[in-house]
Each structure stands twice: as structure tokens, then as C-alpha cells.
Amino acid sequence: MTFGEQPAYLRVASDLRQKIVNGSLPPHTRLPSQARIREEYGVSDTVALEARKVLMAEGLVEGRSGSGTYVRERPVPRRIARSGYRPAHGSVDPFRQEQTAEGARGTWESNSEQERAPAPVAARLDIAPGDPVMRTRYVFRDGGEPMMLSTSWEPLAITGRTPVMLPEEGPMGGCGVVERMAAIDVVVDNVVEEVGARPGLAEELLALGGVPGHVVIVVERTYFASGRAVETADIVVPADRYRVAYHLPVR
């Protein structure tokens, strides 16, 4: 193989991908069989199989038991708004405020439990592994469809035995981190978000309605007050259905 030349299975996958993108193979159309790919492209069964595997890994096609492989419906990506740590107005929570601005009907469900901080979480919060934290898991929905998962951790050294210990309960239940911390005289003055991507975990894709192998966007967010981490969270978004849009003020 000369420098820059693609392996045969990638060339076949690229041609089939182009047909899917330009509509020659529209959604719900059966992908050419392995024998047909072998004949049309003059490749071996192994190459034909590997090309189909590439398209499946990319989420462009899906296998149907006893029927074959079909082109998947490609959703038009929608936006999930992120806007740093601006406070919500009145009693409206930040998630609902941000998504309303994007035309979404945001709702969520949550569950909070005390736990000992796992080492990676402890490192982000700059506390000792095993220190007590409040872990809250969220499923955010748009019109009933799951759009985003979030798991947050708050050090109980800060919120323990205060009215805001449970993020979704009490007088500040449902408010954002900034407002809740302000209620106990902790002033959030900075937030850091690191954005990456990876294959979704099985339980994440099950909750989000995705297909095994699909990629998710992961936002690692941490709020700070005078340099001290007061909350950190992993936010997981299905990459095939959503884009993360940032609204950042110009200073």
C-alpha cells in the first residue's frame, strides 16, 4: 500500500457513506448485501464485512435481526445551550431558562444520595478520596425525550447540615449551583468546563435512547468559590442528536 492510500475496506465504507449522505441510500433502505458489495467493488468477503462494521460503528446503519442492515434515520442535531454561571431570574432554574431560549421544553428528574468521593471526583474537588459528598443524578428531557444526563458531586464539608444540602429539595430546591451556594454565603466566582467525546457507556445509551457504539459529548464542569471547588459534574449528551452551544459574554 503506497503512502496515503486507504485500506480497501475504508474506501468501500467511504463510498457507501457518501451514498447515504447524498440520499442515494435514503433512511430505512437496506444496505447492499455482503455478496453485492463484494461483487460491486471487487473486494473480498472480509473487506465487505469490515466496511459494513465501519458504517455500523459510525451509527449510519443498523442491523435488524433476520432482515439485514438498514440505513438509519439521521436526526438533525439540535442545540443544548450552555451559558456559564449566569444566575437564573426569579425561581426559574438555569436548565429551564437556557433551554427555553433555544425553544426546548426542558424538564428533568433527579435522585440524590450521600457517598464517599471516588478518587477521580476527589481530585476535581480537591478533597481526600473517601470524603463525604452529595451525589445527584439527573435525566434532562425535551418534550419527554431524554436529551442529557448529569451526575454532580458537592462536598458535604460545604453543604452538609445546611438548607441546600439536597440540590432538589428545601427552600432552594431546583435552583442553580450559584444561587444555592449564595444562600449559604458561598460566592461562586468561576466555572470551568472541559469538553470531550467518547463512546457512550451501555447504561448511558440505554437512558438516552442511543445505539451501542454511539459517541457522546462529555462536559466536565466544576464551580469554584475563591479558588475552592464547590461542585463538579459530568454532563453527557448524545452527539448524534445534539450540539453543545456556548453563550459567553464579551468582557
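The values are calculated or read from the model by the stated rules, or taken from the named source; none is laboratory data. A quick note: this is a predicted structure, and the numbers were derived from the prediction, not measured. Virtual Cβ from ideal backbone geometry, glycine too; neighbours counted across all protein chains shown. These accessible areas exclude ligands, DNA and RNA; they are computed on the full protein's heavy atoms, side chains included. Shrake-Rupley method; radii C 1.70, N 1.55, O 1.52, S 1.80 Å.
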Self-check item: Residues listed by number, the range 41-73, amide nitrogen under 20 Å from T29 label point at 7 Å toward C-beta
Solution: 41-42, 48-49, 51-64, 67-73
Exercise. Within the set of other residues whose C-beta is less than 13 Å from the C-beta of A117, count the net charge using Lys and Arg as +1 and Asp and Glu as -1.
Key: -3
Exercise. Return the distance in nm (one decimal) between the two label points of a simple spin-label model at A202 and S112, each offset 7 Å from Cα along Cα→Cβ.
Key: 3.2 nm
Practice problem: With semi-axes √(5λ) of the Cα gyration tensor in Å in mind, check [x] 41, 21, 17; [y] 44, 19, 16; [z] 28, 20, 18 and report the label derived from this structure. | Solution: [y]
Practice problem: Could you provide, to the nearest whole Å², the per residue accessible area of the chain with probe 1.4 Å? | Solution: 54 Å²
Self-check item: Surface share of carbon and sulfur [accessible, 1.4 angstrom probe, percent] for the chain
Solution: 53 percent
Self-check item: Amide N proximity, the range 40-60 versus R74 label position 7 Å along Cα-to-Cβ, cut-off under 19 Å
Solution: 51-60
Exercise. Report, for the chain, the % of DSSP beta bridges that are antiparallel, rounded to 5.
Key: 90 percent
